[in-house]
Structure formats: C-alpha cells, structure tokens
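**Q** Could you have a look at this structure, given as structure tokens, before my questions?
The values are calculated or read from the model by the stated rules, or taken from the named source; none is laboratory data. Because the structure is predicted, anything quoted here is derived from the model rather than measured. Glycine gets a Cβ as well: all are built from the backbone with ideal geometry, and neighbour counts include every protein chain shown.
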Amino acid sequence: MLHTLKTFFGYDSFRPGQEEIVRQVLQGHDALVLMPTGGGKSICYQLPALLSEGTTVVVSPLISLMKDQVESLCANGIAAGALNSGNEESVNAQLRRRCIEGKLKLLYISPERLMVESAYLFHEMEISLFAIDEAHCISQWGHDFRPEYAQLGILREQFPKVPIMALTATADKITREDIVRQLHLRQPYVHIASFDRPNLSLDVKRGYRKPERDRTIVEFIRRHNEGCGIIYCLSRKTCESVSLMLDKAGIRSAVYHAGLSAERRNAAQEDFINDRVQVVCATIAFGMGIDKSNVRWVIHYNMPKSIENFYQEIGRAGRDGLPSDTMLFYSLADIIQLTQFVQESGQRDINQEKLERMQQYAEAGICRRRILLSYFGEAIDRDCGNCDVCRNPPQRFDGTIIVQKALSALVRADQQIGSQVLVDILRGNFSPEVKQKGYDSLKTFGQGRDVPARDWQDYLIQMLQYGYIEIAYNENHHLKVTPAGADVLYGRAQAWLVVIRREENALSSRGKKKKGIGGQSAEASLFATSPLAGAEELYDALRSLRKRLADQDGLPPYIVFSDKVLHLLVQQRPTTLEAFGQINGIGEFKKKKYGREFVDLIRQMTS
Ligand code: ADP
Ligand code: ZN
C-alpha cells in the first residue's frame, strides 16, 4: 500500500485514518468516511482502485468536481475518466469501451447518469468499488439534498458483491444514519476524523465601516503576495463593488454570483482555478465545484448565516495543509439584514438559532476554534493559539459613561432612530435626518465627539451583545433601551466594554507588503522560518515555471504541483532527479514528466 501511495501520488505516509480505511475496503467491507474538506478523502478510494482488479466507480454531483479529480489523476499517470453529458458521444463511447476492457481504474459519473448506465454498462464491466462522494446529498436532513442521490439505493440490490464507500465532509448524526440506511451499507467501517483545520488562522474584525474594511482587505491581500483567495459577500451588488474596489487597487479579481450567465460564472471559475485572477468576489454559491488546493485565504465581507456555511466556506482555503488565513467582517448592518432574511424564511426558529450561534462566534471572548469545534460536537482541551482571541485576549474597561451617553441620546430621540443616526447625534453631525428631525437641538448632540464614529459602531455592537439595547425589527430597525440598559443609564449598574484594538495602518506602500496588520501572512512567516537565502525568489521562479508547464497542458497549476510541493522544493532544493522524486507529493509520473526542468531551474538559481 505504501509503495503504491509513493509511486502514484508521491506521498511518503498516510494521513490519519487513510490506511485503515483502505485496508477495510480491500477486505471487501463497506465504509463511511467523514473527513473535513482537505482531509484527504480521495486517496481512500483511489488507492483501493489501484490495488484492485477492475474499475472503481465514483459518484460525484458536479461535472467540475469530476473534471478536477480526473485531471489530477491523469497528471499522476492513472487511467481515469468521467462519463457525463458534457462529453462528446464519441468520448463517452471510448470510455465505455475502456471500462469493458478493464483498462480504466477510476470512472467518475453523476448520479443521474449512473441510473442509465447501471442497467447496461455496469453489467459488462468488473466493478471493484462504488465510492459515493458528497454522500450527505442523499439526506433530506442535510443542507444539500439532491433527489438524484436518493436513487443510489439500487446499487446494493443490483451489485450485492461490490463494496460501497460513502464519503462526506458534512454530516451530523441524523444525516450519517440516513446515508447508511439509504445506501444499505452492511456494518460499514466508520471513520470520523477530527474537523479541526489547524492550518487555518481565524480572525474577526468587528464594526469596520466600508473605507476601513476596504483598506484592510487590500492590505491583507498585498500581504499575501500572489497568493489567491475568495471574498464572500452577502449580495451580488457587494460582489461587484468589492471587485471594482480591488481593480482600483491593482488587484485582479473576478465576480461570481447567481445574477451572471452560466458562461460568465464558468469563466470566472476557470480564471480562478488557472491562477489568471488572484481573487474571486462571490456569493455563497461559489466553491462547491472546486477542489483548488492553493487557495491561500478566505475573507467574509459579511457575516454568513450559519456556522455550517462559514466553516464550509473557510474550508476552501489551505486544502494542501499549508498555513492559510481567514478573516470575517462583522457589522450591525449584517445582523439586521440577516435577521430580516430569517424572518422571511420558511424555518424561522431553526434559522434564527443558527444565526445566533454564528453571532456568538463573531462576538466570542474565548478561543474561536473552541467555539467552532464544540459546535460540531468536538471538544478540545486547550486554546488554539491561531485565532485573534488567542493572540490578543480581549481587555475590558469601565465603559459606563460611554454607554450612558449613547443610551441618553437614544432616549432623548424617543428611541425612534437607528444606529447610523444615533452615531450622527453623538458625533454632532448635521446629517439630513438630524436636521430634519431637529436632533441637533438635543442636549446630547455632539456629546460623544471624543469617540471616533467607527468606535461608536463597535461600542453599539457590544451594547447589543451585552443586552443594553435591542433592535426593533418591526419598527424600521430602531434601537430600543432594554431594562439592563436602563440600569446602566440611571447609574444602577456599571458597564464593562472591550477595549477596541485597531492595528495601525502603518503601511500603505506596496514595498512593505510583508508587514502590517496582524503581522505577517501565513505564507510570509513560512519563508521567515526557512533558513536558506533567496527562498522567496526561488519560490516565485518555481511558481512561474509551474504556471508555464500548466498552461502548456491546459491544466490548473495546482494540478501540476501543489503549493506544498513548491515549498518543499524551496526548503530541500533537490539538484538531482533522484532527490526530486523523494519530495513528498511527487510520484513517478510527475518526476519523469517535470523533473528535468525543475531540477535545472533549482540548480541555476542556487549555484
Ligand atoms: P478532500 O477530498 O477530503 O477534501 P483531498 O482528497 O482533495 O481532500 O486531499 C486534500 C489534499 O491533501 C490534496 O492536496 C491531497 O493531495 C493531499 N493529501 C491527501 N492524502 C495525503 C497524504 N497521505 N500525504 C500528503 N498529502 C495528502
Ligand atoms: Zn484560539
């Protein structure tokens, strides 16, 4: 098993769980595999496919996912193909022939296509294993139910001897039981991996207004050098405006949302996969169909509606296991808008609950990873050290006067204002609404001038968190003082607020891209630990070579080599083909195909 793993995939060892899963399947057992995105699920069926007679049939819901997998298998010299309606009929016919002749090791197929082929083709070929990817799609309880998946139950009946493996990255207990029942798995070997993704850093930015948010994003992206990433936005409009903002900053981006034609969406996805744009500004719809392993960061421009969504979306970063950064912006406006969605949605109670849990994450004063993992039913016994709370534990101060000022202004305006106008009153801004309603004659007008507007936004979020104010959703989102707030206002209780810490935006010039907010990017810190000189230059050169070779074959660069492999090349600097082949992640096929050029380049740059 290890030998095959090294020869074809270039890996020196198994990830936790993989070896036992492969062994169980080779012994003919069914299996249920739960691993987080990037956990290494594919090897669990690809290796048995290579070690068995016949063909492994992989069921996958999306053509783009199949394409990605097939490309990466072929790039390792493994006979694989995808049977789907996007192909020319002659291609499909040839694939069928290769299946019947037993020449194809892995056949990818959509569930609807499978229903057609199972009656004919499947009886003419030798099937070693059925692997059902994204198996949670079979369950109505899951968040991604697909009716076509419900029909997969026939496989057991029609092919009782073929083992079945179900794989997914998201499945709670009910969904899990549903998968086993509907696929008729027989006492499956169950592997549930930890959902922790320690290589993803977690960071939340609270109450940033637009200009600040934009500046922070541009600096964050520059800090990541060429590293690419995704910015998730709540609305199509925001996607467009963020993309425009990046354009102005000289950062290449594409837009992806449901309002665009399928063609344009496809083009955006292709540009991203092939490293032709650095950033995609997307609504949540983006990402399902991509396996791009070198996504170096994910930003949430707005707060997502649940922790499941959030975790799935940040999970698209760092699939190759390298350090990757995530950043979530969180504002009062988001809460208002998301609550509105919840009110209008079909399942109000559940959605409200989910939104509140998401909000708790964003507002957390304890290690954020602990909150995430406990949400998924996993406990860790220590703080992670890789989130903003761990790095900068919040400090509190007596904020009674600040809270009193805000509440007093609110009461004097008859509690008929939203947060924006409240800040205008506190700051003494003569905004149109202030003038129209005569708020400028209130005693509190301008009483909070000493606090910047952006800090007021932050304090208001905190006041909401502590329950001093609430939002009246049925009254134009006006703010109301709660009984707890009244206690503070009338001096019966003290209010403790969290000190606002803003990294000073010391840098704005490109030259300093490696320093700044929050220190270094994950990638930059990696170079810092490399004792060898010229690490960055070598990395850039290797990346250019990878891009050129990828373009030659019309492949995405990460399929040629992952970022992880490039990092290892920088660290180990192999100058012979032999040493090149030893690198974790380089198999025989790629060694022969690409070795010469990479080794020459390394020699040239290090001599
Ligand atoms: P998943 O399908 O669970 O999201 P993948 O199967 O795509 O994850 O694997 C994620 C990444 O981890 C890929 O880049 C893959 O090549 C890598 N990987 C998988 N198994 C190993 C291993 N044993 N050693 C090193 N890297 C691995
Ligand atoms: Zn932490």
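**Q** Can you tell me which of (1) of a type in the set (A, V, I, L, M, F, W, C); (2) within 15 Å of ligand 2 (Cβ to nearest atom); (3) free of Cβ contacts under 8 Å to residues at least 24 places away in the same chain; (4) within 23 Å of residue 484 (Cα to Cα) is the one residue 401 doesn't meet?
**A** All conditions pass for residue 401, except number (2).
**Q** So in region 200-227, with the set limited to residues that are of a type outside the set (D, E, K, R), over 18 Å from residue 333 (Cβ atoms) and modelled with pLDDT of 95 or more, which one is nearest to ligand 1 (Cβ to nearest atom)? Talk me through it step by step, then tell me what you get.
**A** To start, the set of residues in region 200-227 that are of a type outside the set (D, E, K, R) comprises 200-202, 204, 207-208, 211, 216-218, 220-221, 224-225, 227.
Pick out the ones that are also over 18 Å from residue 333 (Cβ atoms) and you get 200-202, 218, 220-221, 224-225, 227.
Next cut, modelled with pLDDT of 95 or more only: 200-202, 218, 220-221.
On the way: 200: 13, 201: 18, 202: 19, 218: 29, 220: 24, 221: 23 Å.
Result: 200.
**Q** Please find, among 77, 81, 102, the residue that is more than 16 Å from ligand 1 (Cβ to nearest atom), part of a loop (DSSP other than H, G, I, E, B), in contact (Cβ under 8 Å) with a residue 24 or more places away in the chain and closer than 29 Å to residue 587 by Cα.
**A** On the way: 77 fails: more than 16 Å from ligand 1 (Cβ to nearest atom); 81 fails: part of a loop (DSSP other than H, G, I, E, B).
Testing whether each residue is more than 16 Å from ligand 1 (Cβ to nearest atom), part of a loop (DSSP other than H, G, I, E, B), in contact (Cβ under 8 Å) with a residue 24 or more places away in the chain and closer than 29 Å to residue 587 by Cα leaves just 102.
**Q** Do any residues in region 466-483 that are in contact (Cβ under 8 Å) with a residue 60 or more places away in the chain have Cβ atoms under 7 Å from those of residues that are of a type in the set (D, E, K, R), where the two are at least six apart or on different chains, and which pairs are they?
**A** Within 7 Å, the pairs are 469/480; 480/470.
**Q** With a cut-off of at least 2 residues that are outside the structural domain of residue 492 (by TED's automatic domain parsing), among the basic types (Lys, Arg) and away from ligand 1 (no atom under 16 Å from the Cβ), name the helices (runs of 4 or more DSSP H) lying wholly within region 330-407.
**A** Working: elements: 332-344, 348-363, 368-375, 388-391.
Per the criteria, 348-363, 368-375.
**Q** What number goes with the only condition from (1) in a loop (DSSP other than H, G, I, E, B); (2) more than 24 Å from the chain's Cα centre (by Cα); (3) buried (at least 17 other Cβ atoms within 10 Å of the Cβ) that residue 113 does not pass?
**A** Of everything listed in (1) in a loop (DSSP other than H, G, I, E, B); (2) more than 24 Å from the chain's Cα centre (by Cα); (3) buried (at least 17 other Cβ atoms within 10 Å of the Cβ), residue 113 misses just condition (1).
**Q** Taking region 1-49 as the region of interest, how many residues are over 26 Å from the mean Cα position of the chain (by Cα), closer than 24 Å to residue 187 by Cβ and basic (Lys, Arg)?
**A** Result for region 1-49: 1.
**Q** Which pairs do you get when a residue that is within 17 Å of residue 9 (Cβ to Cβ), found in region 29-45, comes within reach of a residue that is more than 8 Å from ligand 1 (Cβ to nearest atom) and assigned to a loop (DSSP other than H, G, I, E, B), reach meaning Cβ atoms under 6 angstrom, with the pair 6+ apart or on two chains?
**A** Note: pairs meeting the criteria are 35/193; 39/193.
**Q** Conditions: (1) touching a residue at least 24 places away in the same chain (Cβ under 8 Å); (2) part of a helix (DSSP H, G or I). Residue 58 meets all but one. Number of the miss?
**A** That leaves (2) as the condition not met.
**Q** Evaluate region 393-412: report whether one residue or more is surrounded by fewer than 14 Cβ atoms within 10 Å (Cβ to Cβ), within 30 Å of residue 193 (Cβ to Cβ), modelled with pLDDT under 95 and not acidic (Asp, Glu).
**A** The answer is yes; a qualifying residue exists.
**Q** Those residues that are closer than 22 Å to residue 274 by Cα and surrounded by fewer than 23 Cβ atoms within 10 Å (Cβ to Cβ), I need them from region 81-91; list them, please. Can you show your working first?
**A** Let us first name the residues in region 81-91 that are closer than 22 Å to residue 274 by Cα, namely 81-82, 86-87.
Passing the criteria: 86, 87.
**Q** Given the criterion crowded, with 21+ Cβ neighbours inside 10 Å and under 20 Å from the mean Cα position of the chain (by Cα), identify the matching residue among 152, 167, 234.
**A** Working: 152 fails: under 20 Å from the mean Cα position of the chain (by Cα); 234 fails: crowded, with 21+ Cβ neighbours inside 10 Å.
Only one candidate qualifies: 167.
**Q** Is it the case that residue 250 is at positive phi and either touching a residue at least 60 places away in the same chain (Cβ under 8 Å) or not assigned by TED's automatic domain parsing to the domain that holds residue 458 (or both)?
**A** yes
**Q** Also, quick follow-up: Can you go through 213, 276, 316 and tell me which one is in the same structural domain as residue 362 (by TED's automatic domain parsing), assigned to a helix (DSSP H, G or I), more than 16 Å from ligand 2 (Cβ to nearest atom) and not β-branched (Val, Ile, Thr)? Steps first, answer last, please.
**A** Details: 276 fails: assigned to a helix (DSSP H, G or I); 316 fails: assigned to a helix (DSSP H, G or I).
Going through 213, 276, 316 in turn, the sole match is 213.
**Q** Turning to a different aspect of this structure: For residues that are within 16 Å of ligand 1 (Cβ to nearest atom), in contact with a helix residue (DSSP H, G or I) (Cβ under 6 Å, 6 or more places away or on another chain) and hydrophobic (A, V, I, L, M, F, W, C), tally how many sit in region 317-329.
**A** Of the residues in that region, 1 qualify.
**Q** Next question, about the same structure. Has region 399-419 got any residue that is touching a His at 6+ places or on another chain (Cβ under 6 Å) and of a type in the set (Gly, Ala, Ser)?
**A** Among the residues of region 399-419, at least one is touching a His at 6+ places or on another chain (Cβ under 6 Å) and of a type in the set (Gly, Ala, Ser), which makes the answer yes.
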